[in-house]
């Protein structure tokens, strides 16, 4: 580890939080959790524990620095994190999160781009379920820790319901719905890679694609347009869209700020009376324009952000019921 008081401070901070949080995690049945979220001003990092591995996201520092200085800092960070957890260097995974003008790169398609090919894949436990994570190859691991509580809340009200998981990514909400006794699930995403991952996650939890669980590769916007013609078909919808997407496979760009009204109205149309819509976004500064007529509910962010992610609000979430 590089010498210096800042590195020592980072080590001590991580060790202190880890001692407390791993006890909470054992009680909660959680093997992956957040330890550090930009706690120290000069260490703009997020550090997550993945059941024996540490994942570190490094954000841009405020001051200007040369490429050599940046590399020196990143090397010191990796060494400090390894020291704090007593991990070998190959168990500390370091990634960069950068900003583009006007929006975060990883709020759009950037989080899905392949960065590596080492296939550092493992299966981790969360609240009685199992999920495959990839620590090396993408910006994100395949399991969003900040939605852990949301997933549990969804599971608690899925029994006997037909569930739609839109913008499904690796299907974690689908697995929770199945575990909660959903009558059926429909999982929609544009990526073959992530749908295959979602199928594996479902299999890790003792269920498989078939009559009960349906997977559809589609642009969610086009899929919603087509599904709207058939009328209400679901009792519960989970909608966690990206902030922005300009994928070449989509018919048009998507912006949650611009398209929220259209999206929520389409979801409302697919709900049966008494159906529930869970909607969330990680768009910074997001303002909800209006709730479609016929939906009643409230923002539930205070309930959905878990203890280990509460230092900075990672998402906003609403739960509505169709009258």
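The values are calculated or read from the model by the stated rules, or taken from the named source; none is laboratory data. Quantities reported herein were computed from a predicted structural model and do not represent experimental measurements. No Cβ is skipped: glycine too gets one built from the backbone with ideal geometry, and neighbour counts run over all protein chains shown.
In table form, for the structure just shown:
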{"read-out": "Residue 276, sole failed condition from (1) closer than 15 Å to residue 236 by Cα; (2) assigned to a helix (DSSP H, G or I)", "value": "(2)"}
{"read-out": "Any hit, segment 160-174, residues being part of a helix (DSSP H, G or I), under 19 Å from the mean Cα position of the chain (by Cα), under 19 Å from residue 320 (Cβ atoms) and at pLDDT 95 or above", "value": "yes"}
{"read-out": "Condition check for residue 80: more than 26 Å from residue 132 (Cβ to Cβ) and buried (at least 19 other Cβ atoms within 10 Å of the Cβ)", "value": "yes"}
{"read-out": "Segment 133-155 residues that are farther than 26 Å from residue 58 by Cα, paired with ones that are assigned to a loop (DSSP other than H, G, I, E, B) (beta carbon under 6 Å, 6 or more apart)", "value": "152/127; 155/180"}
{"read-out": "Subset tally (residues that are buried (at least 18 other Cβ atoms within 10 Å of the Cβ), in a loop (DSSP other than H, G, I, E, B) and touching a residue at least 60 places away in the same chain (Cβ under 8 Å)) for segment 178-204", "value": "1"}
{"read-out": "Restricting segment 281-301 to residues that are within 17 Å of residue 322 (Cα to Cα) and in contact with a strand residue (DSSP E or B) (Cβ under 8 Å, 6 or more places away or on another chain), the residue that is surrounded by the most Cβ atoms within 10 Å (Cβ to Cβ)", "value": "295"}
{"read-out": "Top-ranked residue of segment 238-263 - restricted to ones that are in contact (Cβ under 8 Å) with a residue 40 or more places away in the chain and out of contact with any strand residue (DSSP E or B) (no Cβ under 9 Å at 6 or more places or on another chain), ranked as nearest to residue 291 (Cα to Cα)", "value": "250"}
